Amino acid sequence: MWIVQPVARCFLMQSMMRIATKRRPTKSVGQQRGIDYHAHRQSRQAVFDMVHALRKQGLSFSEIARRTGYGRRSIAKWLTYDEPPDRRRATPKPISPRCFEVYLAVRWKDGILRGRDLFDEIKQRGYIGSFSNLERLLASWRRTDKASNSVARSSASAPAPFKLSAARTLDPATGHVISPVVAVRCA
């Protein structure tokens with residue numbers, strides 16, 4: 001039998017939890033993030049409730065800190081709240097495209113969807129981050145647009161008929177427009 005030190009036991013438990021909660025391939029990254037977010041919120045809520053319960057038992061901040069493993073100041077701060085505080089995002093810096101998110105959203109709605117064009121525009125406004133960092137933000141917007149467009153297409157009625165001019169000819173096998181030269185060769 002192994003003798004496991006308390007610190008090693010903690011790492012062992014964490015690795016066992018990771019194995020037990022492996023991501024399933026059937027979920028998208030966004031769905032899994034949502035699941036992870038809610039699981040994290042529930043665990044924070046459980047710790048928050050435990051801290052309040054220990055305080056109601058009459059324990060000091062220091063004793064609660066020793067029992068839970070959190071810092072005394074964190075315990076004191078948590079006991080001032082009725083519910084767990086939300087994590088605050090850091091103020092966006094010029095290296096982050098989120099600093100220019102309002103401007104980018106306006107340009108996106110104006111129809112400027114090419115990342116290189118948006119990159120050049122925010123560079124002139126003081127952006128010092130990389131193109132790939134901007135593309136990461138735009139990729140999430142593209143996924144959102146793609147999902148909303150697919151829902152709109154599936155809920156729409158039959159598509160409007162495609163009108164052809166007299167000079168265009170359709171390929172009978174595929175239904176695509178082909179040039180008149182190809183149409184004469186195939187006939």
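Residue by residue through segment 46-65, note down the ones that are surrounded by 13 or more Cβ atoms within 10 Å (Cβ to Cβ) and part of a helix (DSSP H, G or I).
47, 48, 50, 51, 52, 54, 55, 61, 63, 64, 65
Go through 116, 125, 98, 107 for me and flag whichever is closer than 22 Å to residue 30 by Cα and either surrounded by 10 or more Cβ atoms within 10 Å (Cβ to Cβ) or not small (Gly, Ala, Ser) (or both).
Every option except 98 fails the conditions.
Evaluate the following for residue 77: is it within 24 Å of residue 147 (Cβ to Cβ) and either surrounded by fewer than 15 Cβ atoms within 10 Å (Cβ to Cβ) or not assigned by TED's automatic domain parsing to the domain that holds residue 137 (or both)?
In short, no.
Go through (1) surrounded by 13 or more Cβ atoms within 10 Å (Cβ to Cβ); (2) modelled with pLDDT of 75 or more; (3) farther than 22 Å from residue 28 by Cβ and name the single condition residue 141 misses.
(3)
Would you check if residue 113 is assigned by TED's automatic domain parsing to the domain that holds residue 127, outside any helix (DSSP H, G or I) and not small (Gly, Ala, Ser)?
yes
Determine whether segment 153-168 contains at least one residue that is exposed (fewer than 10 other Cβ atoms within 10 Å of the Cβ) and modelled with pLDDT of 70 or more.
There is no residue in segment 153-168 that is exposed (fewer than 10 other Cβ atoms within 10 Å of the Cβ) and modelled with pLDDT of 70 or more.
The values are calculated or read from the model by the stated rules, or taken from the named source; none is laboratory data. What you see is a predicted model; the values in this text were computed from it and never measured. Here Cβ is always computed from backbone atoms with ideal geometry, including for glycine, and neighbour counts include all displayed protein chains.
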